[in-house]
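One structure is given below, encoded as structure tokens.
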Amino acid sequence: MNVYSRSIVRLPADCAQSTPESRCRRPLRAAVAAAAIAVLAACSSGDGSSDQPLTTVAVPDGASGSAPTAEQLTAALLTRTDLPAGFEPTPTLADFGLPETGGPDLASTDPTVCAAVLAPVAAQVTDVSGSAEASFTGSDFLTVDQTIAGYAPDAVGPAFDKIQSNLSACPRYSGTDADGVPVDYQLSGGPTLTNVPDAADALVTFRLSTSSEGVTLVTDAVVAVVGNSILQISAGGLDPIGDDVLSAITAIAIERAAAVPEA
């Protein structure tokens, strides 16, 4: 097995449309997850799905100000100290002097619109003023990813609607990983967050269960509109990260995005 390209946590997004820093360009994480599959397959059971229905919300009218820059959004990203103990920035193969790409990529998604699920925000709606990403890996194969993108005031609402439309279109879908191994996905409503800052103009959560070769990984995700930016936080592993942890890091991310100055 080529552990550098085969992993059921590989994003179903087309890497050609993603930014160079995006999660689908981090095969080192895929190597760790793929190695874990052989060890933990016997311990995983159930489909990881949520009983919560997927909901949609509207962005309030009245957005104003200027679209944030990539520099401003980068400054607003989560850092290692915002996360529980044990999380570290996810390294790339390039950090070890190894090539980022290997053999042929056989990843696919059916229907193709579902390739947008969990893709970076800037890859889902591309007319951005700037974007930034951060990625962290913790114990027990937990991962936390954040992407954030800025939009013109009149484009924020339509962009958020587009992201929600993609989610609604993909309650169940399938595909293959980079080695052509079948993968099944199930999308449902996510956890109810607590202590959400008022700075969030709109927010939805969802859960994506990714299953392959008898193993299911669970990713809980948040998409929120904060001023003229849209942020997405996803936390995945063999078990959910915990509603309290997701609530806490989401609150930090929202407050930090709200602090980006608007002209």
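Just so you know, all these numbers are worked out from the coordinates, no wet-lab data involved. Everything numeric in this text was worked out from a predicted model, so none of it was measured. Cβ atoms come from the backbone with ideal geometry, glycine included; neighbour counts cover every protein chain shown.
What the table shows:
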| read-out | value |
| --- | --- |
| Order of 71, 262 - criterion: other Cβ atoms within 10 Å of each residue's Cβ, fewest first | 71, 262 |
| Added length on full extension, which subtracts the Cα-Cα distance from 0.36 nm per residue, residue 172 to residue 184 | 3.6 nm |
| Estimated distance in nm for a label pair at residue 161 and residue 85, the labels positioned 7 Å out from Cα along Cα-to-Cβ | 4.8 nm |
| Residue order, fewest to most surrounding Cβ atoms within 10 angstrom, among 255, 133 | 255, 133 |
| Stretchable slack from residue 262 to residue 243, in nm (0.36 nm times residue separation minus alpha-carbon distance) | 3.7 nm |
| Computed label-point distance, nm, for sites residue 140 and residue 152 using a 7 Å Cα→Cβ extension | 4.6 nm |
